Structures are given as C-alpha cells and as structure tokens.
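The values are calculated or read from the model by the stated rules, or taken from the named source; none is laboratory data. These figures come from a predicted structure and were not determined experimentally. Here the Cβ positions follow ideal geometry from the backbone for every residue, glycine too, while neighbour counts run over all protein chains shown. The area values use the complete protein model at the heavy-atom level, side chains included, leaving out ligands, DNA and RNA. Shrake-Rupley method; radii C 1.70, N 1.55, O 1.52, S 1.80 Å.
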Amino acid sequence: TTGNVTSGGVISFPDGSAGSPSITNTGDTNNGLYFSAADALTYTSGGTAQVTFADGVVKPITDSDVDLGTSSLYFKDAYIDSITTTGNITSSGTVAGAALDIDDVVINAVLMLLLQLQS
C-alpha cells in the first residue's frame, strides 16, 4: 500500500529476525524492530540485534556493547533506585549525596567536618 493507513483493530506482523526485522523501512531493511521471543521486542541495526525490550527490562544483546548517550550528547537526568557496577565510576563533575559508603566506611557531613578539624 502507499499513502496513509488507518486501522480500527489490531495490525499483526510476523516475528522477523535481526537480519530481516518485521518493522523496517524500504531504505534500510536490516534496521528496525522484530519480535524476538514471547513478550519481547528487539531493536536491530545493520542486521545485528542490539537491545531487547521485555517485561520490566531493557537489556543489551551483547555484554558491554551498547552505550547510553555519547561523549558529546548526554541524557539530561536519570532517576534510578540503585546502581550496581562491575567497572570503574568516573565523574568529571561533583558527586553529591547525603553519604558515601566505601567498604562499610560511611563518609557523610559529620565525618568530613571531623576530618577537617583534625587537619
């Protein structure tokens, strides 16, 4: 079909695959979305699966392969309950919080004041 399509019901697509996604465009047919499993939708780029959206999770297909933002384009804010990292944490700005717990040593405003008084 060409032109606009209006549906009064459900439109179903075949599952597709990473190399041939079921939702794509004519100019880049190996880039798009496909249904990778029950209750899961996967984004593919260049014929390679990148990220899966499933019940309560957004997950990369390959470990340490997908970035969130770039070195020049950042997300504005992130609201996260907790962070677990297996690598280093690097900040080029101020890290702010009520307290910092390093190996069960809690650093907070009271400890910082005591350290300043001792020096």
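Remark: pairs (first residue in the stretch 51-80, within 16 Å of residue 33 (Cα to Cα) and among the hydrophobic types (A, V, I, L, M, F, W, C); second residue open to solvent by 100 Å² or more (accessible area, probe 1.4 Å) and assigned to a loop (DSSP other than H, G, I, E, B); Cβ separation under 7 Å; 6+ apart in sequence or on different chains) = 54/39.
Restricting to the stretch 1-38, what's the tally of residues that are assigned to a loop (DSSP other than H, G, I, E, B), open to solvent by less than 70 Å² (accessible area, probe 1.4 Å) and within 24 Å of residue 67 (Cα to Cα)? Total meeting the criteria: 4.
Within the stretch 64-79, can you find the residues that are within 12 Å of the chain's Cα centre (by Cα) and either loosely packed, with under 10 Cβ neighbours inside 10 Å or more than 22 Å from residue 17 (Cα to Cα) (or both)?
Of all residues in the stretch 64-79, those within 12 Å of the chain's Cα centre (by Cα) come to 64-69, 75, 78.
Across the stretch 64-79, the qualifying residues are 64, 67, 68, 69, 75, 78.
Restricting attention to the stretch 39-62, and to residues there that are under 15 Å from residue 15 (Cβ atoms) and polar (S, T, N, Q), which single residue is surrounded by the fewest Cβ atoms within 10 Å (Cβ to Cβ)? By that ranking, first place goes to 52. For the stretch 85-103, residues that are closer than 19 Å to residue 64 by Cα and more than 23 Å from the chain's Cα centre (by Cα) total 0.
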